[in-house]
Amino acid sequence: MSALLLSLLLSQVSYSPAEAHAIFAEGVEAYGRDDTAAAEAAFRKLLEHGMGGPDVEYNLGTAELAQGKLGEAVLYLERARRHGGGADVDANLTIARGRVVDQVVGASGEEGMVARLVAATSSLGAGLAFLVPWCVAFALLLVLRLRGGGASLLSGAALLLLVSLPGAGLVLAHYVVGETVHEAVVLARTLPVRETPEPSSKVAFELHAGSTVRLLAPAGAFVRLRLPNGLEGFAEQRDLARVDDAQAP
């Protein structure tokens, strides 16, 4: 029993920066020699020890994509996109989603403007859009207070504060959507979506690995979900992974 507890405690200890760098390099090297299973194992080690981030998520999602694990690929690439991402993340996420069996028609039209705006931007980008002009504006005000200056400094600071307002609104939108809207990715190869939250209930439709759904409300072992086109039903929670839960699956 004590040995088991010790092993559990050790598994929660984070790696040192040098160890994390070595494991990351190990994963990159494994992927380079087409050993995608070893690459996946290395990147998962980092996530399990709290050493995540967009680079780890991107590489893990790419390794999953190379193995044909569409659910995990979409999940980690989408997490990487939301954490800052970049052109490579967007490219691989587009490839992964293009391979998903379920291509929901009319998805974009069903989402509200705020939700679409949040989906099209990253939280990091939103934060920078607000913080950069805001900090520069207050730096100008500080210079004006300490050293004095003309109206040009005051005008520049006022303009930068105005420029920071859309970024502040975007940060607020990310917060509100993050607190109220929860999306999940289907991990199971085939996921039956039922009319009621019971295993014996009639199957309304099926989803497949990599599909993204909106989570509405838990119902025991099930969760009520909605597709972007408005279809709703109940599915088992164990076959879904929330995009905003960095510790799962």
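Values quoted throughout were computed directly from the atomic coordinates according to the rules given, and no laboratory measurement underlies them. It should be emphasised that the depicted structure is a prediction, and the values quoted were computed from it without experimental measurement. Neighbour counts run over all protein chains shown; Cβ positions are idealised from the backbone, glycine included.
Between 0 and 90 degrees, rounded to the nearest ten: what's the tilt of helix 2-11 against the longest Cα principal axis of the chain? The two axes meet at around 50 degrees. Once the chain from Ser14 to Ala217 is taken as fully extended at 0.36 nm per residue, the excess over their C-alpha distance is 69.7 nm. Angle of helix 54-66 to the longest C-alpha principal axis of the chain, folded into 0 to 90 degrees and rounded to 10: 30°. Each Lys and Arg contributes +1 and each Asp and Glu -1, all at the Cβ; summed about the Cα centre of the chain, the dipole is approximately 700 debye.
Over the chain, what is the relative contact order in percent, taking alpha-carbon pairs closer than 8 angstrom and at least six residues apart? Let's see the in-between values first.
Working: 385 pairs, mean separation 40.3, N = 249.
Relative contact order comes out at 16 percent.
Relative contact order for region 2-98: 21 percent, from Cα pairs under 8 Å spaced at least 6 residues apart, divided by residue count. Taking the number of Cβ atoms within 10 Å of each Cβ as an exposure proxy, the fewest-first ranking of Ser122, Ser155 is Ser155, Ser122.
Full extension of the chain between Val176 and Asp34 gives 47.0 nm of extra length, using 0.36 nm per residue less the Cα-Cα distance. Taking label positions 7 Å along the Cα-Cβ direction at both Thr190 and Asp88, the computed distance is 3.7 nm, reported to one decimal. Relative to the longest principal axis of the Cα atoms of the chain, the long axis of helix 87-98 lies at roughly 30 degrees.
Cβ crowding within 10 Å ranks Ile23, Ile95 as Ile95, Ile23, fewest other Cβ atoms first.
Extension gain for Leu162 to Arg99 (0.36 nm times residue separation, less C-alpha to C-alpha distance): 18.4 nm. Between the residues Gly233, Ala184, Leu159, the greatest Cα displacement towards the positive end of the dipole of the chain, with unit charges on the Cβ of Lys, Arg, Asp and Glu, is found for Leu159.
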